[in-house]
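The values are calculated or read from the model by the stated rules, or taken from the named source; none is laboratory data. What you see is a predicted model; the values in this text were computed from it and never measured. Using ideal geometry, Cβ is built from the backbone for each residue, glycine included, and neighbour counts are taken over all protein chains shown. Keep in mind that these areas ignore ligands, DNA and RNA; they rest on the heavy atoms of the full protein, side chains included. Shrake-Rupley method; radii C 1.70, N 1.55, O 1.52, S 1.80 Å.
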Amino acid sequence: MEFKWDRLVSQIKTLNYNDLKIFLIPVIVFSIYLGVLNPGIATIDTFNQLHQIASGHFTNWHPFFHTFIEMLCLRIYPSTLSVCILQILVFSLMWTAICKYNRDDNAKSSKTFKIQVIFTAIICLIPMNGLYSVTLWKDVLFSYFIMFLCFLAMVMIDKKGDVDYKFIILISLIMAFIAELRGNGMYVIIITVVIYSAYLFWKRNTKMGALLLILTMTFILLISSLNIAYDVEDNEKDAAMTKVVHMLADYYLNMDIEDADKNKIKEVLNKGEIKDHYMPTGTDPILGITNIKHYENNKETYIGLALKYSLKDPLHCLQYLFGSSPMVWNIIRDHWIGRPYYMSGEQDRLQSDFNAYYDKHKYTPTTPFENLSYANWGTPSFDFLNNMALGIEGCILDTILNNPALYMYLSIILLILIQIMVKSKEIYLMYVPNLLNIVMIFLSTPIQDYRYLYANLLVCYLLFIIYIGMRQRFRDNPAD
């Protein structure tokens, strides 16, 4: 069986009531979350970005492109509600396009639309998706775009590489957004664009293959130029330092380290006993005792030490990598830190984090959109959503509904089933962006926030929609 969707591709241009129904489900459900959690969920990261916008002094501690997007939303309507609305609309539009492409509305006997409606309602009612839609994290938009890029890759494979310049412009823009929305996004996209361009060259669409490379890099450069236009200060967190010092702390405690090298490690981790601060799945305690200036002046030395002992005992290196990143592969959250949500049952987390950020930095809050607290804190509706989310964290539903590793394994199963139907291994190319994101998280900082791998869930939802659409087509057209 091969993909034969040319008729459906032409229908993409024609919206109908089925599309409106699919679109409205996330809009309505997520808007309820937003109404209850007014004005949305903000974190310490959010307050940092909001303060930059209010003060006009920008840094790239968080990717400026996401701060820029928030700034545009706040200029349209000076409330964090505007950013949440953008996120809700982005997901709803993307999901509508995905569902439309994977059904045939002219097939009267098809049950695909009904299944899509039921499944869309289910994923919207899963608390993680509702809560994330109103959380001001760069990871939310990043994950939405990863999902859509995987979808566009499926379209490209579906058409056997016979895509036009309009498609190339769209996929290039999506890749540029991903590259600029999060630190590891650039690495994900550089590899992805090379693979997808090579695919187009292989399919003898050399013009579009070259255009994909050129446009993606051009859009990335254009977005990066915003840093210059807004005089963004360069104080980006050194991700390599975070990983290296954490790795050296582990090696110091668990490997046979030469005395001279031990002394070097003590020079960079010199504010306390390493054993009292080392946490296998968290870097903050180790960063708290790191002499950052000393590391920056001796960066090559410490990177060299990490490589030296990784090569000396590769088995322990693997044990360290898997031990520090269980979120990537372990479907059961046991002793590793990290939470899917940013909620609290004891206090107005929005207000407390707002106060904590400004008190810590001794900044003066700027109204109107920085003085935040939940409008409905303590009401029955707020307590219901809040307690439901927190309750899920403490039971098996945390694995079933939230855990990124489970959805990675489910995605692999779905890809195999789809490959059996289409009889082509090219389908695995669509998972490349998400796979690269997983690999980057596995190799980078051992901080176990589900948001880093939220795309796992979204891409799995996408694969289910593809699988259901293809199953129905196979039943309606067994000759294919």
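Computed quantities for the displayed model
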read-out: Sorted peptide list for 39-51, 177-189, criterion being average Cβ within 10 angstrom, highest first; value: 177-189, 39-51
read-out: Computed [θ] at 222 nm, deg cm²/dmol, the chain (DSSP H ≥ 4; -39,500 (n - 2.57); rounded to nearest 500); value: -21500 deg cm²/dmol
read-out: For the chain, accessible area per residue (1.4 Å probe, heavy atoms of protein chains only), Å²; value: 44
read-out: Whole-angstrom gap from segment 50-70 to segment 359-402, using each part's C-alpha centre; value: 23
read-out: Extension gain (nm, one decimal) between LYS299 and ASP231, 0.36 nm per residue minus Cα-Cα; value: 21.8 nm
read-out: Label-reachable residues, segment 310-351, where backbone N falls under 18 Å from a point 7 Å from ALA375's Cα toward its Cβ; value: 348-351
read-out: Extension gain from ASN291 to VAL194, taking 0.36 nm per residue of separation minus the Cα-Cα distance; value: 31.1 nm
read-out: Net charge of Cβ neighbours under 11 Å - reference LEU321; Lys, Arg +1; Asp, Glu -1; value: 0
read-out: Gap separating the Cα centres of segment 251-272 and segment 425-473, nearest whole Å; value: 38
read-out: Accessible carbon and sulfur surface of segment 202-330 relative to its total accessible area, %, 1.4 Å; value: 56
read-out: Pairwise label distance in nanometres, LYS111 with ASP284, each label 7 Å out on the Cα-Cβ vector; value: 4.8
read-out: Within straight-line cross-link reach of LYS266, lysines at Cα separation under 21 Å, skipping those fewer than 8 residues along the same chain; value: LYS243, LYS275, LYS293, LYS299, LYS308, LYS312
read-out: Top positive-direction residue, dipole computed over the chain with Cβ charges, set TYR302, VAL432, VAL244; value: VAL432
read-out: Label-point gap, in nm, between ASP313 and PHE474 - each point 7 angstrom along Cα→Cβ; value: 4.9
read-out: R0 of 35 Å, Cβ-Cβ distance ASN254-TYR187: FRET efficiency to nearest 0.05; value: 0.80
read-out: Tilt relative to the chain, helix 314-324 - C-alpha long axis, 0 to 90 degrees, to 10; value: 80
read-out: Protein accessible area in segment 67-119, 1.4 Å probe - carbon and sulfur %; value: 71
read-out: Lys, Arg +1 and Asp, Glu -1 on Cβ, resulting dipole of the chain about Cα centre, debye, nearest 20; value: 1820
read-out: THR14-SER224 pseudo-label distance in nm [points 7 Å out on the Cα-to-Cβ vector]; value: 4.4
read-out: Segment LEU89-ASN270, length gained on full extension (0.36 nm per residue, minus Cα span); value: 60.3 nm
